[in-house]
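Okay, structure first, notes after.
Throughout, read-outs are computed from the coordinates displayed, never taken from laboratory work. These numbers were taken from a predicted model, which means no experiment stands behind them. Cβ: placed from backbone, ideal geometry, glycine included. Neighbour counts: every protein chain shown.
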Amino acid sequence: MSPRAAWRFEGMGFAEVYDYSPGKADWSASGLPMEGTRANEPTIGEVAWQDVPTCAPAEKVGAARERVRKAGWDRCVVLNEGRVVMGLLREKELAANPEATTEEVMRNGPATFRPDESVEKVRRRMRARGASAVLVTTPDGRLVGLLTLSEKR
Amino acid sequence: MPKEAFRDGVLRLLKQGAQLVDVLPREEYEETHLRGAINIPLKELDRKSTARLDLAAPVIVYCHDYL
């Protein structure tokens, strides 16, 4: 729709026309300001735990496990240098060989949700699938936080 | 020829005074839109509906996403 609009603007004599093709979905999912009657509904980006433990792919599982448990968590998100989600360590992976790297044992390609999605809708889907927590990332895969099923970790 | 813009470019253009136009139907605009955007639905896009805009200033149009 927006490419046609951009051409139409140009045809009407506008000198400099841009098509923001990723559009409203990209803007909203990136946490940028929105207006409108539904703009203030709670989103998962607002309630996700931003202090979820993270580790680098080259970190040893033993070191990550110690840090995660000390912080009172049972999972850890594996991030690259750009804070892009590479994988997830749950209790099972955290209990793996302490000398292995997190990259070797991590769960690849965990499901992620965008921060602008409705808390109610995502939690309903989580309940239906039996998921106790899901990752929240920006459209380009950067970690925002971890959404849990309840208000507790 | 219109240029494609991405998030960072849009933010920069807005700081420079670009005009932001949501071309989605009015109901969708009323639910949510980018802060500061005006609404001119694609079906209503003509010289009359765009008369309030400045021909010389950059215009950024958007809809929901790529589709």
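Would you mind getting me the FRET efficiency between residue A:97 and residue A:49? Use the beta-carbon distance for r and R0 = 30 Å, nearest 0.05. Intermediate values should be presented prior to the final figure.
Values: r = 27 Å, r/R0 = 0.92.
In this case the efficiency is close to 0.65.
Which residue fluctuates the most in chain A, going by a Gaussian network model with Cα springs under 10 Å, if the choices are A:125, A:114, A:69? Residue with maximal mean-square fluctuation among A:125, A:114, A:69: A:125. The residue list B:33, A:126, B:5 was ranked by how far each Cα lies along the charge dipole of the protein assembly as shown toward its positive end, using unit charges on Cβ atoms, and A:126 comes out on top. Each label point was placed 7 Å from the Cα along the Cα-to-Cβ direction; for residue B:8 and residue A:15 their separation is 2.6 nm. Note on chain B: with charges restricted to the Cβ of Lys and Arg (+1) and Asp and Glu (-1), its dipole about the Cα centre is near 360 debye.
Label positions at residue A:118 and residue B:65, each projected 7 Å from the Cα along the C-beta direction, are separated by 1.7 nm.
Between residue A:49 and A:146, A:147, A:148, the built amide H atoms are under 5 Å apart, and every one of these is 5 or more places off in sequence or on another chain.
For region A:116-121, backbone phi angles converted through the Karplus equation (6.51, -1.76, 1.60; θ = phi - 60°) give residue-by-residue couplings of 8, 6, 5, 4, 4, 5 Hz, Gly and Pro being listed as x. Phi-derived couplings, Karplus 6.51 cos²θ - 1.76 cosθ + 1.60 at θ = phi - 60°, listed residue by residue for region A:72-82: x, 10, 10, 8, 8, 9, 8, 10, 8, 4, x Hz, with x used for Gly and Pro.
Pairs of Lys residues in chain A, spaced 8 or more positions apart or belonging to different chains, with C-alpha separations under 26 angstrom: 7 in total. Efficiency by 1/(1 + (r/R0)^6): what FRET value for residue A:104 and residue A:67, r their Cβ-Cβ distance, R0 = 22 Å, to the nearest 0.05? Computed FRET efficiency for residue A:104 and residue A:67: 0.80.
Per residue of B:31-43, other chain Cβ atoms within 10 Å of the residue Cβ number 5 on average. Peptide A:38-51 has a mean of 1 when you count, residue by residue, the C-beta atoms of other protein chains within 10 Å of its C-beta. Please compute, for peptide B:44-54, the average count of beta-carbon atoms on other protein chains lying within 10 Å of each residue's beta-carbon. Shielding by partners across B:44-54 averages 2.
Hey, got a sec? Which trypsin sites (Lys or Arg not before Pro) in chain B land in a DSSP loop and have at most 10 other Cβ atoms within 10 Å?
B:47, B:48, B:52
Using a simple spin-label model with pseudo-atoms 7 Å out from Cα toward Cβ, residue A:131 and residue A:74 lie 1.7 nm apart. Simple point charges give the picture: +1 on the Cβ of Lys and Arg, -1 on the Cβ of Asp and Glu, and for chain A a dipole about the Cα centre of about 740 debye. For a quick check of your reading of the filter: which chymotrypsin sites (Phe, Trp or Tyr not before Pro) in chain B sit in a DSSP loop and have no more than 12 other Cβ atoms within 10 Å? The qualifying sites are B:6, B:66.
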